[in-house]
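Asks: Dropping a structure here in structure tokens format, bear with me for questions.
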Amino acid sequence: MTYIELGTREYKKASLALFFGGFVTFAILYTTQPLLPVFAKEFHVSAASASLTVSVSTGTLAVMMLIAASLSDRVGKKKVMMISMLLTSMLALAMSFSPNFISLVLARMFLGMAAAGIPSLAMAYVAEEFHPAGIGKVMGLYISGTSLGGMAGRILTGLLTDLFSWRTALFAIGIISLLLSLIFALILPAPRHSVNKPLNGKTALRAYAVHLHNKPLMALIVLGFLFMGGFVTLYNYIGFLLGDPPYSFSQSVLGFLFIVYLFGSFSSVYMGKKADLYGHALVLSISVALTALGAVVTLVPSVVVKIIGLSLFTFGFFGCHSIASAWIGECANVNKAQASSLYLLFYYLGSSLAGTAGGYFWTHFHWLGVITFIVILLLLSYPLISYAHKHLKQLPQ
């Protein structure tokens, strides 16, 4: 079978397309995150209610990814990813015209459904189309696109909200995303290693059942809930912390805090390559420790120290996500799209459920409660990593 080889023109086009796919999806998916304090004030809702503009998108996305993976078996991965990006971009434009909070939440719900195509299929596309020796690096490149998209979307949102309004900010991001989506559709190579199959409910359930009965693989899949739950919780509520006295940061400053996503772009590639060399379990365990340490460092009152902690936290998280994604892609010998979708189901359920639950800890225990909640989630990952390492046979590096 012919794989996409490093250094070829096809490799460059595919890598750039996947980068754009991750960029657009995450720029739109989390673009409301720095606006949560704005929504809380403008629509007179609580912090936890404002966080629904993030969690309702990730919750519906989590469920729809299961359908997108099976649909791709019928119509093809590229077509599903292409339609997903175009619909997501158009919904992002429509979202900027929401007249009230309920309509905004509903728009975000439909956006989450449309956005499912890229995250549910990109990992499987990489696992199937690229040469196995470089999967860790390629997955890291895709994930670096998600981190840069998340960063750029949040920074641009903060700037445009201060200069104009949050509606102008969301509309501008929708326009940029639409243009990148068209480029994605033009340059991504059509899959060569996947065969279109009839859409059959029983077949789809059997494909998921294979993985659900694989306990070591499921241990890795559940990691997504813990990692993303902690990550989104911190970023959901740090805006409330730094927007209030004694910090009282503006939306532009809060948006620029997300520049630490650059550390995530670096770590997703760097830690992915280290995992290829030294093994998934060891490097993943180190990444978890760095993430937890970064969260704890944000407890220090100094703004400079908080930013250092935020940078370390982000570096560690994207390392965790990159390694877990690649590990699952390698260990799932069949039905890779379904394995990726199960991981991301838990991943985005963590974003939705834990991200909203964090509002309780913020309201009742302030920042110390939020960080305690995050650290507990991360510590729960260690027994799962150990179990997977003992029972899953890793492919030769």
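Asks: Between helix 201-212 and the chain, what is the angle of the helix's C-alpha long axis to the longest principal axis, kept within 0 to 90° and rounded to the nearest 10?
Replies: Roughly 80 degrees between the two axes.
Asks: Across bins of 5 angstrom width beginning at 0, how are the C-alpha pair distances of the stretch 303-397 distributed, in whole percent?
Replies: Pairs per bin, as whole percents: 2, 10, 15, 22, 20, 13, 9, 6, 3, 0.
Asks: Dividing the convex hull volume of the Cα atoms of the stretch 207-327 by its residue count, what figure in Å³ per residue is obtained?
Replies: 110
Asks: Please list 3J(HN,Hα) in residue order for the stretch 25-41, calculated via the Karplus relation 6.51 cos²θ - 1.76 cosθ + 1.60 where θ = phi - 60°; whole Hz, with x for glycine and proline.
Replies: Karplus-based 3J(HN,Hα) across the stretch 25-41 equals 4, 7, 4, 7, 4, 10, 5, 7, 4, x, 8, 4, x, 5, 5, 4, 6 Hz.
Asks: Using a 10 Å cut-off on Cβ atoms, rank the peptides 68-77, 38-47, 217-226 from the highest mean neighbour count down.
Replies: Result, highest mean first: 217-226, 68-77, 38-47.
Asks: Given 0.36 nm per residue, what is the gain on full extension from TYR278 to SER252 after removing their alpha carbon distance, in nm?
Replies: Full extension from TYR278 to SER252 adds 5.3 nm.
Asks: Turning to a different aspect of this structure: What pairs in LYS12/LYS78; LYS274/LYS306; LYS77/LYS336; LYS79/LYS336 have C-alpha atoms more than 19 Å from each other?
Replies: Table pairs above 19 Å Cα-Cα are LYS274/LYS306.
Asks: Quick check: residue separation of HIS213 and SER386 times 0.36 nm, minus the Cα distance between them. What number comes out in nm?
Replies: 60.4 nm
Asks: With a cut-off of 15 Å, note down the residues of the stretch 114-143 whose backbone N falls inside the zone around a label point 7 Å from the Cα of VAL63 toward its beta carbon.
Replies: Counting only backbone N, you get 114-116.
Asks: Helix-only estimate, please: 222 nm mean residue ellipticity of the chain, summing -39500 (n - 2.57) across DSSP H runs of length 4 or more and dividing by its residues, to the nearest 500.
Replies: Computed ellipticity for the chain at 222 nm equals -26500 deg cm²/dmol.
Asks: Can you send over the carbon and sulfur percentage of the accessible area for the stretch 37-86, probe radius 1.4 Å, protein chains only?
Replies: 70
Asks: With 19 Å as the cut-off, how large is the P(r) tail for the stretch 99-164, expressed as percent of Cα-Cα pairs? Walk me through the intermediate numbers first.
Replies: Numbers: 1200 of 2145 pairs.
The answer is 56 percent, as a whole percent.
Asks: A follow-up question, please. Report the calculated FRET efficiency for SER302 and LEU186 (r = Cβ-Cβ distance, R0 = 35 Å), to the nearest 0.05.
Replies: 0.15
Asks: Which order, highest average first, do 7-19, 313-325 follow once you tally other Cβ atoms within 10 Å for each residue and take the mean per peptide?
Replies: 313-325, 7-19
Asks: Report the net charge of residues surrounding VAL126, where surrounding means a beta-carbon distance below 12 angstrom and charges are Lys +1, Arg +1, Asp -1, Glu -1.
Replies: Summing Lys and Arg as +1 and Asp and Glu as -1 gives 0.
Asks: Same structure again: Suppose all protein chains stay in the model; what accessible area per residue would a 1.4 Å probe give for the chain, in Å²?
Replies: Accessible area per residue: 38 Å².
Asks: Contour minus end-to-end for MET90 and ARG9, with contour as 0.36 nm per residue of separation and end-to-end as the Cα-Cα distance?
Replies: Once the chain is fully extended between MET90 and ARG9, it gains 26.1 nm.
Asks: Quick one: which of 83-92, 175-184 comes out on top by average Cβ neighbours within 10 Å, and what's the full order, highest first?
Replies: Listed from highest to lowest mean packing, they are 83-92, 175-184.
The values are calculated or read from the model by the stated rules, or taken from the named source; none is laboratory data. Please read these numbers as outputs of a predicted model, since none were measured by experiment. Neighbour counts run over all protein chains shown; Cβ positions are idealised from the backbone, glycine included. When the accessible area is computed, the model is the full protein with side chains, heavy atoms only, and any ligands, DNA or RNA have been set aside. Shrake-Rupley method; radii C 1.70, N 1.55, O 1.52, S 1.80 Å.
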